[in-house]
Amino acid sequence: MSDSAGTGLWWARRDLRVSDNPALLEATGRADARAIFAWTPAIHFWSGRRIGHLARVLWQLRAGLGGGLAVRRGSAADVVAEAAREADAPVVWAAREFSPSGVAEQDAVAAALIADGRELRLTGSPYAVAPGRVTKADGTEYKVFTPFRNAWRQHGWRAPAPAADLTAMSTWSRHDGDVDLDQMAAHGDTSDPWVRHPEFREDRILSHLEGFMAGGIERYATERDRPDLDSTSHLSIPLAFGQIHPRTVLAASAAVRGDGPRVFESELAWRDFHADVLHHHPSARRESLASVLSEEDWLTGRESDEVFMAWRDGRTGFPLVDAGMRQLQQTGWMHNRVRMVVASFLVKDLLIPWQRGADHFRRTLLDYDHAQNQLNWQWVAGTGRDASPFFRIFNPTTQAEKFDPERRYVERWVPEVDTPAYPSPIVDHKVARTETLALHKRAKAARAGEHRPD
Ligand SMILES: Cc1cc2nc3c(=O)[nH]c(=O)nc-3n(C[C@H](O)[C@H](O)[C@H](O)COP(=O)(O)OP(=O)(O)OC[C@H]3O[C@@H](n4cnc5c(N)ncnc54)[C@H](O)[C@@H]3O)c2cc1C
C-alpha cells in the first residue's frame, strides 16, 4: 500500500497534545486520520488522583481532536493492532519511548502490527534531545551533569512542529473496550481551592507557560528553592503527560533574558540527563548504580514499617518533612527542595532503601515520570550518576529555617505544628546522622577490602 493510502493512525502515549506533535502531524497527513490510546492494566495501579487526571487530559484531547480519539482497555499491542485493523491503517505513528517499559511496549506493538502486514513508525520523543544523542567525542555517555548540559545546549533541539491539520480526523464506532472517561474523571478530589488545579486544557497550559515567562521566571534563579514562595513553573505535570513538549517550553524561555531562564533551562537539562542515564542503564530503574551501605545496614522488619508509615503519613515530628509528605498526599505534587529533604530523611535518617520511597512517590505523584523519579531518588541517596555524595545529609530543621523562614509552608500543611497534638521527632537527627556516616565509612572500607573488626 502506498504511504498516503488508508487511514493514518496516531497511537497517543505520553504525548497527549495537539500542538507541536510530530506523530499526530504524520498521521493527519493522510486522507483520513484517527487516534488511539491504550488504557493498559498498569494504569489500575496508579493512585485514584492520577487516574482521574489522565481521564480529564484524555477527555480534553478527544474534544481537541473533534472526537477522533478512542480510549480502549487492553495491552497496547492488542488495542493498537485491533484499531489499525478496524481503521484499515497501514502505518501507525507514535512518539518513541526510552524507558525500559516504554521500549518493551513499543516492541510488542511493532511485532503485532508486522504480524498483520502493518508498520509502526516512531518519530519524536518526550525529550528536548532524545536519550543517547548527546555523547562525548568518543561516542560514550556523559557521566557528569555539567559537561552533559553543555553538550546538550550545543546539540540544540528542533523548533516546535507545525500545527497538524485536523480536517482529516474522523470518529470511531462504539467498542466494547471503550473506557468511560466521565466515570474515570470522577477519581480523585481536585476540589480543594488551595490546591493549584492542574490544568487539563492544552490552551490553558500554553497560556500558563506564557504567564510564567512573562513574570515568575525573573525570580526563578533566586526563589526556586523556596517552597513558601511557590515560584516554580508547575509544568512537571503537563510535561509528564506530554500535554506540552519541552522544546515548546525551551523556545519560550529562549526568548527571555536573564539568569532565571538559564537556570530554568538547566533544570530541563536534568530531565534529559536522567532519561539518558536510564537509557544507558535500564537496571537503574530498581538497582543502585553505586553502593553506599552494606546490605545488612538497612532497616528491615516491623521497625522499618513503623517509621516508613510515619514518613508516608507526615507524622515524623520534623515539620518540613511532614509538610512535604502532606502536600504530596493532598495534592499529588511536592516542591523540589522538599522532595530532596524528605528523600534524604527516609534514606539517611531512617535507613530505608530508596526504592521503597520511590515506590510511594510512583503511587502518589501526579507528575510521576519513571526516569525522573528513580534517578532523582538515586541522586539523593548518593547511588546515582553525578549524585549528591552520600555523606551530604540534609538537616530537616536548618533546611526549614533557610527555605521556609517564616514557616508559611509548614503552617499551611501542618496546622497543628505548635500544639501538643503534633508528634515528637521519631529520631534524633544528630544521632542518626553520626550513625549513618559511621555505617557509610565502614561499608566504604569493606568495599575497599580494608575493613578490620573493631
Ligand atoms: C526524590 C525526587 C523525586 C522526583 N520525582 C519526579 C518525578 O517523578 N517527575 C518529575 O517530573 N520530576 C521529579 N522530580 C524532580 C522535581 O522535583 C520536579 O520536576 C519539580 O519539583 C517539578 O516542579 P516544577 O514543574 O514547578 O519545576 P520547575 O522548577 O519549574 O522546573 C521546570 C521543569 O524542569 C524539570 N525539572 C526540575 N527539576 C528537576 C529535577 N531535579 N530532575 C529532573 N527534572 C527536573 C521538570 O520537568 C520541571 O517541570 C523529583 C525530585 C526528587 C528529589
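Quick note: the coordinates plus some simple rules give every number you see, no bench work behind them. Predicted model only: the values in this text are computed from it and were never measured. So basically every Cβ, Gly included, is an ideal-geometry build from the backbone, and we count neighbours across all protein chains shown.
Brief remarks follow.
- Each principal axis of the Cα cloud of the chain was taken in turn, and the coordinate range along them, longest first, works out to 75, 52, 48 Å.
- The charge dipole of the chain, taken about its Cα centre with unit charges on the Cβ atoms of Lys, Arg (+1), Asp and Glu (-1) only, comes to about 820 debye.
- Within the stretch 295-445, all pairs of alpha-carbon atoms sorted by distance into 10 Å bins from zero give the percentages 11, 43, 37, 9, 0.
- Across the stretch 80-196, C-alpha contacts under 8 Å between residues 6 or more apart give a mean separation that, scaled by the residue count, equals a relative contact order of 18 percent.
- Degrees separating the helix 370-381 axis from the principal Cα axis of the chain, which is the longest one: 10
- Residues SER424, SER101, SER231 arranged by fewest to most Cβ contacts within 10 Å: SER424, SER101, SER231
- Sites ALA31 and ALA255, calculated FRET efficiency, Cβ-Cβ separation with R0 56 Å, nearest 0.05: 0.90
- When each of the peptides 86-94, 435-443 is scored by how many other beta carbons lie within 10 Å of its residues on average, the order from highest to lowest is 86-94, 435-443.
- Taken along the Cα-to-beta-carbon direction at a fixed 7 Å, the label points for THR397 and THR123 span 5.9 nm.
- Proximal charge balance of ALA42 [Cβ under 15 Å; K/R count +1, D/E count -1]: +3
- Test item: Cα-centred dipole of the stretch 7-125, Lys/Arg +1 and Asp/Glu -1 on Cβ, debye: 520
- Residue-averaged [θ]222 nm for the chain, counting only DSSP H segments that reach four residues, each worth -39500 (n - 2.57): -14500 deg cm²/dmol
- Here the calculated FRET efficiency for ALA214 and ARG302, from their Cβ-Cβ distance with R0 = 45 Å, stands at 0.25, rounded to the nearest 0.05.
- Cα shape, the stretch 293-381, gyration tensor, a/c 1.5 rule: oblate
- For the stretch 22-83, radius of gyration divided by Kirkwood radius, i.e. Rg to Rh on alpha-carbons: 1.00
- Pairwise FRET efficiency - GLU411 versus ARG158, Cβ, R0 = 41 Å, nearest 0.05: 0.35
- Put simply, the Cα atoms of the stretch 7-125 extend 38, 29, 25 Å along their principal axes, the longest span coming first.
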